[in-house]
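Just below is one structure, and these are the notes that go with it.
The values are calculated or read from the model by the stated rules, or taken from the named source; none is laboratory data. Every value quoted in this text rests on a predicted model; they were computed, and no experiment measured them. Cβ placement follows ideal geometry from the backbone for every residue including glycine, while neighbour counts extend to all protein chains displayed. Calculation scope for accessible area: heavy atoms of the full protein, side chains included, ligands and nucleic acids excluded. Shrake-Rupley method; radii C 1.70, N 1.55, O 1.52, S 1.80 Å.
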Amino acid sequence: MTGQHLALILPARQAPFTVSTRETNDPGPGEILIKVKATALNPGDAKIQKRGIYVSRYPAVLGSDGAGVVERVGEGVTRFDPGDDVFFHGAFDDNDLSTFQQYSIAVVDFAAKIPDNLSYDQAATVPLGMGTAAIGLYGRTNGIGLVAPWKSGGQGKYRNMPIVIFGGSGSVGNYVIQLAKMSGFSPIITTAALRHTDHLKRLGATHVIDRHLSFPALKQAVARVTSAPINVIYDTVSIRETQEAAWGLIGPQGRLVLTLPSVIDKRPDDRREIVLTNGNPHTEDNWETGRQLWMNLARWLEKGDIQPNSVETISGGLKGINSGLERFDCGQIDGVKLVARPHETER
Ligand SMILES: NC(=O)c1ccc[n+]([C@@H]2O[C@H](COP(=O)([O-])OP(=O)(O)OC[C@H]3O[C@@H](n4cnc5c(N)ncnc54)[C@H](OP(=O)(O)O)[C@@H]3O)[C@@H](O)[C@H]2O)c1
């Protein structure tokens with residue numbers, strides 16, 4: 001035990017959050033202790049608090065996305081030193097690894113130094129959104145197993161193959177568009193509110209289709225872009241409406257990635273594939289894809305191949321997170337990732 005810090009605690013299933021102190025533990029082998037300067041909010045955090053899902057042990061600390069300064073390194077760690085600025089993919093269901101707190105422990109396989117062109121706030125937008133995008137596209141168990149851009153021949157491999165991305169303006173959607181570009185997909189068609197068109201085209205979308213179109217109108221709009229079968233679709237929204245539209249669009253060799261459980265009534269003889277992804281790299285199935293991603297991520301961000309999400313900083317430190325999470329339910333988040341700064345919490 002090395003002291004105490006403030007954390008946003010969920011004391012019991014669906015209870016209100018409280019801010020209180022917890023012990024700051026030492027990092028174990030292959031881990032680093034980080035002073036968390038910025039943490040991003042995700043829809044999953046709101047669902048855990050509202051619906052009591054995903055987390056089994058309480059009291060719980062939530063938050064998956066962190067950026068900050070290395071305080072201490074665990075046994076065997078050679079890639080990081082105290083004082084390094086890093087970003088990292090935390091984990092819930094292990095309170096030491098969660099990010100809605102002032103100090104967090106990171107597993108070095110899912111951490112990297114922040115490139116000079118990114119702030120802590122920007123770096124904190126990357127981990128879960130990018131992890132979900134990458135594991136969905138390149139993971140073997142929780143994805144459709146495409147050849148990743150970090151593998152030999154992976155960059156540009158899917159040249160002249162169309163991809164459709166439902167919800168390109170969301171956090172996951174932004175990263176799917178950028179990875180699709182790296183993988184060479186063309187055209188890259190995404191659905192979104194049209195006010196995001198310029199931004200999504202800068203990220204790599206070739207065509208942005210109004211997400212409010214009816215299914216027949218969407219199908220026609222896609223057909224105007226390409227006559228090739230759409231064999232890869234990533235539905236980042238994954239509500240019934242988008243899943244059914246995706247299933248209606250997808251070609252005979254189709255592979256569909258979902259972020260929420262499938263509601264599609266798939267016939268047993270239908271050979272098209274549906275995969276529910278899981279963006280958490282801290283599982284046996286995802287570890288290697290996550291590790292490879294994190295070995296490349298900082299370089300991609302530095303070169304500008306990958307842009308972080310746009311940031312909206314929320315005030316009040318950890319105390320601002322609750323009202324930030326409520327905005328997910330009201331649809332009050334518009335093309336930004338909400339980011340809190342745990343050390344701005346007033347006692
Ligand atoms: N399985 C996993 O491991 C995993 C991991 C991360 C996230 N998720 C889930 O994935 C979903 C997306 O997460 P996120 O972080 O990307 O969310 P987000 O950043 O909050 O994205 C929400 C955006 O989706 C767009 N949208 C809503 N309905 C749409 C529709 N019918 N068609 C097209 N776009 C629509 C809206 O954009 P406009 O402004 O364009 O209207 C909205 O701003 C959430 O349900 C989240 O819980 C799952």
### Query
Taking the condition in a loop (DSSP other than H, G, I, E, B), farther than 15 Å from residue 130 by Cα, near the ligand (Cβ under 10 Å from one of its atoms) and in contact with a strand residue (DSSP E or B) (Cβ under 6 Å, 6 or more places away or on another chain), does residue 262 pass?
no
#### Entry: Qualifying positions in region 95-138 - among the hydrophobic types (A, V, I, L, M, F, W, C), crowded, with 24+ Cβ neighbours inside 10 Å and farther than 16 Å from residue 84 by Cα
100, 126, 128, 130, 133, 134, 135, 137
### Task
Among the residues of region 171-205, write down those that are part of a loop (DSSP other than H, G, I, E, B) and more than 14 Å from the ligand (Cβ to nearest atom).
183, 184, 185, 186, 187, 204
### Summary
Selection from region 206-242 of residues in a helix (DSSP H, G or I), open to solvent by 60 Å² or more (accessible area, probe 1.4 Å) and touching a residue at least 24 places away in the same chain (Cβ under 8 Å) yields 215, 219
#### Entry: Unmet criterion (only one of (1) open to solvent by less than 20 Å² (accessible area, probe 1.4 Å); (2) within 11 Å of the ligand (Cβ to nearest atom); (3) part of a helix (DSSP H, G or I)) for residue 275
(3)
### Query
Right, residue 261: open to solvent by 40 Å² or more (accessible area, probe 1.4 Å), under 24 Å from the mean Cα position of the chain (by Cα) and more than 22 Å from residue 222 (Cα to Cα) or not?
yes
### Query
Only one of (1) assigned to a loop (DSSP other than H, G, I, E, B); (2) touching a strand residue (DSSP E or B) at 6+ places or on another chain (Cβ under 9 Å) fails for residue 312. Which number is that?
(1)
#### Entry: Among the residues listed as 299, 327, the single one being within 26 Å of residue 108 (Cα to Cα), among the basic types (Lys, Arg) and part of a helix (DSSP H, G or I)
299
### Query
Take the residues of region 318-347 that are more than 16 Å from the ligand (Cβ to nearest atom) and in contact (Cβ under 8 Å) with a residue 40 or more places away in the chain: which is farthest from residue 48 (Cα to Cα)?
347
### Query
From the set of residues in region 278-314 that are of a type in the set (Lys, Arg) and under 27 Å from residue 198 (Cβ atoms), which is surrounded by the most Cβ atoms within 10 Å (Cβ to Cβ)?
299
### Task
Just give me the residues in region 157-184 being over 23 Å from residue 336 (Cα atoms) and open to solvent by less than 10 Å² (accessible area, probe 1.4 Å), in sequence order.
162, 163, 183
### Which listed residue, of 271, 327, is outside the structural domain of residue 44 (by TED's automatic domain parsing) and charged (D, E, K, R)
271
